[in-house]
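I have placed the structure first, in the form of structure tokens, so that the comments after it can refer back to it.
The values are calculated or read from the model by the stated rules, or taken from the named source; none is laboratory data. Computed from a predicted model, the values in this text were never measured in an experiment. Here Cβ is always computed from backbone atoms with ideal geometry, including for glycine, and neighbour counts include all displayed protein chains. Note: accessible area is taken over every heavy atom of the protein model, side chains too, but ligands, DNA and RNA are not part of it. Shrake-Rupley method; radii C 1.70, N 1.55, O 1.52, S 1.80 Å.
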Amino acid sequence: MIKHYFKTTFRYLRAYKLFSAINLVGLAVAFSVVYYAVLFVHFELSYDQFNTNADRILRLSTNVETPAGITHETSAGAVAGAVQSTFPEVENTTRIFLDYYIVQKDQDAYGEETLAYADPSVFSVFSFPLISGNAATVFNNPYAMVLSETAAKKYFGTTDCINKTLTLDGKITATVTGVMKDIPQNSHFRTDIFLSMSSLIKEGTNWMTNWSRFGFSTYVLLKENVSAAGFTAKLAGLAKEHPLKNNLQYSLVAEPLNSLYLHGQARGNKAGATASGNYTNIYVFSIVAIFVLFIACFNFINLTTALSLKRAKEIGVRKVTGATRQQLTYQFLTDALTVSLIAFAIAVILCAALQPFVNNITGKVIATGMAGNIKFAGLFLMLAIVTGLLSGLYPALVLARFKPVSNLKGKFVNNVKGLILRKGLVITQFTISIVLIIATIVVYSQLNFMQNENLGFKKEHNLVIDFHYDERIGEHGESVMAELASIPGIHSASISSSIPGRSNTKYPTTIEGANKEPQELQADAYFVDYNFLKQYGLEVVAGRGFSKDFAEDMRDAMVINESAVKRLGFNNAADAIGKPFSQRGGNGLIIGVIKDFHFHSLHEAIMPLTMQVSPGFFTFLTLGIASENMASTVSALQKKWSAIAPGLPLVYNFADDTFNAQYKADNQFGKLFVCFAVLSVFISCLGLLGLTSFSTVQRTKEIGIRKVLGASVASIIALITKEFILMVFIALIIATPIAAISMKYWLNDFAYHIPVKAQYFLMAGMLAILVALLTLSVQSVKAAIANPVKTLKTE
Amino acid sequence: MIQLKKIYKYYNTGSKKAYVLSDVSLDIAEGEFVSIMGPSGSGKSTLLHILGLLEEANEGEYLFLGENVSKLTEKKRTELHRNQIGFVFQAYHLIDELTVYENIETPLLYKGLNSSERKSRVAELLDKFNIVGRKDLFPSQLSGGQQQLVGIARAIAGNPKVIFADEPTGNLHSDQATEIMELFKKLNEQEKVTIVQVTHSEHNATYGNRVIRLKDGLIQR
Ligand SMILES: Nc1ncnc2c1ncn2[C@@H]1O[C@H](COP(=O)(O)OP(=O)(O)O)[C@@H](O)[C@H]1O
Ligand SMILES: [Mg+2]
């Protein structure tokens, strides 16, 4: 009997090729989408789980209570040691300090890399197995270095590279003492190079005992069966014993490693160096994947019930020859299951083919082939089976209940309930598709807005060199800049500690506020030269910019932005001029206020910013460069550079690229969204194609008669498409509020965002109707131009 | 074998009942070959459907093999369709996607015969109806007469006691019609299958041993 079920199924698949193809393609695509969505979600939830002791690891951080609110800092270098010696429940601690260097094997091969200073205990707290080298001794000396396999192969072509050396920032020699397995992709921090902590904390410096100098990520490994809450509770006492230099209150917080990636608080200025996930994205992609699956299932249900009109006779015959309702139900479930399993097989191939594309688009290696994910392949197969059964169930029950007699009489009429259901499903499909189209339009408009919005500074034609604090440049800024500016094509130069879009250090800053009292701000601080404001086109709205004509401008003068003015309580920028400030032990007067500009991405609101002319922190050289003959300008620059700083590679970027690099994750989100939207529209249209082909076949005779009676081709097309276009229109009406609300929510994540405009909905609606019309035209035009005599004869 | 007592069948059209069958009582004994005749719309098909348990009468009693079948569970009805009743249709109603062989095999599958039993039964029928050479063709590749042969083969595959045939030769030309009628006669005489056919042709009716005439839902005496 089962054999007979399958035989019948295959006969029908062959007999109704278009329907079968639509179902197979739709389901296969949907399965692939779901597969990758599951992998993505799983990957996002799997962060740091590769650590054997993940459950027992906490990250210690500092919440400093400033008058402006809590600032989230990393932890000071002294914390780890104190915790280790104070609390017996602590098994081990380790510190990591993220940094970046220009790494060179020889003069010509170089690149910028993030790397991390670490305590030797990093290899016992985390599961980073060493391939060579001894964990106990690898970090015995300053500039001892453990490379990942990838880095070892990249620089030396082999993992057998102990005692070989690399040059950091063109001057430091670091020696390989160990090679470790690559840190998994799903680690909240990753590096290919660990440097010994003694490279950072030189003899005689006070980093080890300083409780106010943040920048370390401190990890605590608790002993087994120790309550994390109990340990955390004791941290308050430790904080009390070690006041901060500025006497601000603070608390030590312990965040479990397991939730760092998704829920961890961004901390300190190096926050960007650790990966952080987004819970909303997980929800968004799960929901969208389920929607895509729904759309495909709806196609299946719609086409099967539509097709049932054609199968009515067969069902009647089977009934009178003795088939029970149950047997018919089995037959239809077999149909559904077979389609779904074939779709599964296609999906497996599709997934394999799409793997590089998906990894590229998510920017992560979330998939490594189904063979490596047997568990998922199994789940995936289950999904196919369940999908097949569920979407087969409704048609199966309806079809099996047909009364044989009306079928055989040929009197079977499309029952109204079925028709409403079918229309409902089509409307739902298009609602989902239109929501996704609107979402895509909004996402892209926002991305476009972020990349093109006037940021309040000049980002074009600014070439930025990161010289990694090299003294040869930092301490001779004036002469270096003069020399570089002599290159034809370079017309201006400026040197600074930071540039817009790069991470930046916040300092506690005290300025006299509107209430005549000194006010404490946690302000981003830029250290710049006299030309910086001009170089970046920053507009002075009160007072004046820095000038060599005023001796006090060196270190004793400060320019603040409008946000700082507001924070201080002044209504007028001019009111802030002349107010005393103190920062990092120095003090002086406010000399100017600049218009707010975006020194961080548009995700973040503009915060108070201070600027001072103060060498010592300089690491960026900004050169105004003409757009003509760029290549020759850069090669002249290269030549000059090797004379100025022999051995230090020239690492440069353009200011606009640097700023836009902040939107990498947003761009990936956008790309993923387009994929989802395109796929859901595609599958919906497949369904529409199937339904129109069905309804035109149903109406062949009617169309023939109408044509004989003189109906025009256009009126026939209108006859067929009218109903479907109406459905798409209803979908648009339902989709509009859903999209409006959800996109408003999504946009709220950006401090600066576009309004949700009516034109997005119009655009999406027009697009959906256009695509639907195109799909419909395939069948309806064919029917409309068919020779009526032929169609009537075949009846 | 078949007893109808005061059968009424009506449809609700608008406000009033439209009677298709009124006060129909009849007896058909095992082994009879009965022809139902009457003008178009007189209720012949309806009567045949009621006899074949495809439709239920609104009033009256129906005994099939001595058993009251006026109200039956679906399961019981299927049971009778599998084992006692065969149908032949004017429009043949073969399953287009199945071959001749598979069409004949279908009722045997539902009856639960095993594969070798089915094989031998289908082979026997193909042989008997002289269509062995066409067993792998699809219905669309056959002439009307050939299709109807397959239809009859299918109807008797399960060894039913009775065959209900609704204008089995209505779409056929006279040579083919004669062949079908001869076949019915042979089945009736040699295999003792009871046959109830609807026909418009007086000639076809002569193959049977009794004629029931219907007019406006009433049996004419
Ligand atoms: N489902 C139905 N609803 C209403 N009237 C019906 C229905 N089925 C059949 N009829 C009517 O019953 C009458 C008898 O039909 P039928 O038994 O098919 O006649 P015959 O087979 O003798 O031509 C016809 O007038 C037909 O219109
Ligand atoms: Mg009739």
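Per DSSP helix of 4 or more residues, -39500 (n - 2.57); summed, then divided by the residues of chain B. What does that give at 222 nm, rounded to the nearest 500? Please list the in-between numbers first.
Numbers: 7 runs with 79 residues, N = 221.
Calculated at 222 nm, the ellipticity per residue is -11000 deg cm²/dmol.
Relative to the globular-protein estimate of 2.2 N^0.38 Å, the Cα radius of gyration of the range A:583-732 stands at 2.18.
Once you have a ≥ b ≥ c as the square roots of the Cα gyration tensor eigenvalues for the range A:30-167, tell me rounded if a/c is under 1.5, and otherwise prolate or oblate according to whether a/b is larger than b/c. Before the final figure, lay out each step's value.
Details: a/c = 1.56, a/b = 1.11, b/c = 1.40.
Since a/c reaches 1.5 but b/c is at least a/b, the shape of the range A:30-167 is classed as oblate.
For A:R567, the accessible area of its heavy atoms, probed at 1.4 Å with every protein chain present, is near 100 square angstrom. For the range A:479-606, DSSP calls about 80 percent of its internal beta bridges antiparallel.
Compared with the direct C-alpha span, the chain from A:K403 to A:H42 gains 125.2 nm at full extension, assuming 0.36 nm per residue.
Its Cα gyration tensor gives the protein assembly as shown an equivalent ellipsoid; the semi-axes, largest first and in whole Å, are 84, 31, 26.
Where does chain B land on Rg/Rh, using Cα atoms and the Kirkwood Rh? Could the numbers behind the result be given before it?
Details: Rg = 17.5 Å, Rh = 18.0 Å.
In chain B, Rg relative to Rh is 0.97.
Here the range B:193-221 is scanned for amide nitrogen atoms under 18 Å from the site 7 Å beyond the Cα of B:K16 along Cα-to-Cβ, giving B:216-218. Summary of the geometry: the range A:1-68 and the range A:451-491, compared by the centres of their Cα atoms, lie 48 Å apart. The angle separating the long axis of helix A:17-45 from the principal Cα axis of greatest extent in chain A is about 30 degrees. If R0 is taken as 25 Å, the Cβ-Cβ distance between A:N587 and A:S547 corresponds to a FRET efficiency of 0.80. Pairs to check: A:K154/A:K364; A:K722/B:K17; B:K5/B:K128. Give those whose C-alpha atoms are more than 30 Å from each other in this structure. Correct reply: A:K722/B:K17; B:K5/B:K128. Peptide A:4-16 has a mean of 2 when you count, residue by residue, the C-beta atoms of other protein chains within 10 Å of its C-beta.
Any idea what the alpha-carbon Rg over 2.2 N^0.38 Å comes to for the range A:302-406? Compactness ratio reported: 1.46. Summed over both chains, the accessible area lost when B and A associate is about 2300 Å², using a 1.4 Å probe. Antiparallel beta bridges, as assigned by DSSP with both residues in the range B:2-220, represent about 55 percent of the total such bridges. Expressed in Å, the radius of gyration and Dmax of the Cα atoms of the range B:33-115 are 15.1, 45. Note on the range A:236-340: semi-axes of the ellipsoid equivalent to its C-alpha gyration tensor, largest first and rounded to whole Å, are 66, 14, 9. In the range A:633-658, whose amide N lies under 19 Å from the spot 7 Å out along Cα-to-Cβ of A:T173? List them in ranges. Flagged as within label range: A:646-649.
Based on the convex hull around the alpha carbon atoms, the range A:487-542 presents an average projected area of 5.5 nm². Express in whole angstrom the spacing between the alpha-carbon centres of the range A:742-773 and the range A:221-294. Comparing the Cα centres of the range A:742-773 and the range A:221-294, I get a distance of 34 Å. Interface burial in the range A:289-323, defined as at least 50 Å² less accessible area with all protein chains than with the chain alone at a 1.4 Å probe, covers A:K313, A:V317, A:R318, A:V320, A:T321, A:G322. Shape verdict for the range A:719-775, please, from the Cα gyration tensor: rounded (a/c under 1.5), prolate (a/b greater than b/c) or oblate. Prolate, because a/c is 1.5 or more and a/b exceeds b/c. Estimated at the nearest 10 Å², the accessible area of A:E471 is 90 Å² with a 1.4 Å probe.
Once R0 is set to 25 Å, what does the formula 1/(1 + (r/R0)^6) return for the Cβ-Cβ distance between A:A574 and A:A751, expressed as a FRET efficiency to the nearest 0.05? If you can, show how the numbers build up before the last one.
Values: r = 27 Å, r/R0 = 1.06.
The value I calculate is 0.40.
In loop segments of the range B:168-221 as defined by DSSP, the GluC sites (Glu not before Pro) with at most 16 further C-beta atoms inside 10 Å of their C-beta are B:E191. Near A:Y100, the amide H atoms lying under 5 Å from its own belong to A:L115; only residues 5 or more places off or on other chains count, and H is placed 1.01 Å from N. Restricting the trypsin sites (Lys or Arg not before Pro) of the range B:1-95 to loop positions (DSSP other than H, G, I, E, B) with no more than 14 neighbouring Cβ atoms within 10 Å leaves B:K71. Over all other residues within a Cβ to Cβ distance under 9 Å of A:F654, the charged ones net out to -2, with Lys and Arg as +1 and Asp and Glu as -1. In the context of the full protein assembly, B:H200 retains an accessible surface of approximately 100 Å², using a probe radius of 1.4 Å and ignoring ligands and nucleic acids. Extents of the range A:462-661, taken as max minus min of Cα coordinates on every principal axis and listed largest first, are 55, 36, 24 Å. In order along the range A:557-564, the phi-based Karplus estimate (6.51 cos²θ - 1.76 cosθ + 1.60, θ = phi - 60°) of 3J(HN,Hα) comes to 10, 9, 10, 10, 9, 4, 5, 5 Hz; Gly and Pro are listed as x. Projected onto planes of every orientation and averaged, the convex hull of the alpha-carbon atoms in the range B:150-221 covers 5.3 nm². Protein heavy-atom surface of the protein assembly as shown, 1.4 angstrom probe: 57% of the accessible area is carbon and sulfur, with nucleic acids and ligands not counted. A Förster radius of 56 Å combined with the Cβ-Cβ distance from B:S115 to A:T52 puts the calculated FRET efficiency at roughly 0.45. When DSSP beta bridges are restricted to pairs lying wholly in chain A, around 80% turn out antiparallel. Taken over the alpha carbons of the range A:54-263 as equal point scatterers, the Debye sum produces base-10 log I(q)/I(0) values at 0.08, 0.11 Å⁻¹ of -0.30, -0.55.
For chain A, what does -39500 (n - 2.57) per DSSP helix run (n ≥ 4), summed and divided by total residues, give at 222 nm, in deg cm²/dmol to the nearest 500? Before the final figure, lay out each step's value.
On the way: 25 runs with 399 residues, N = 795.
Calculated at 222 nm, the ellipticity per residue is -16500 deg cm²/dmol.
A crude spin-label estimate for the pair A:Y279 and A:E702, with each label 7 Å from Cα along the Cβ direction, gives 5.3 nm.
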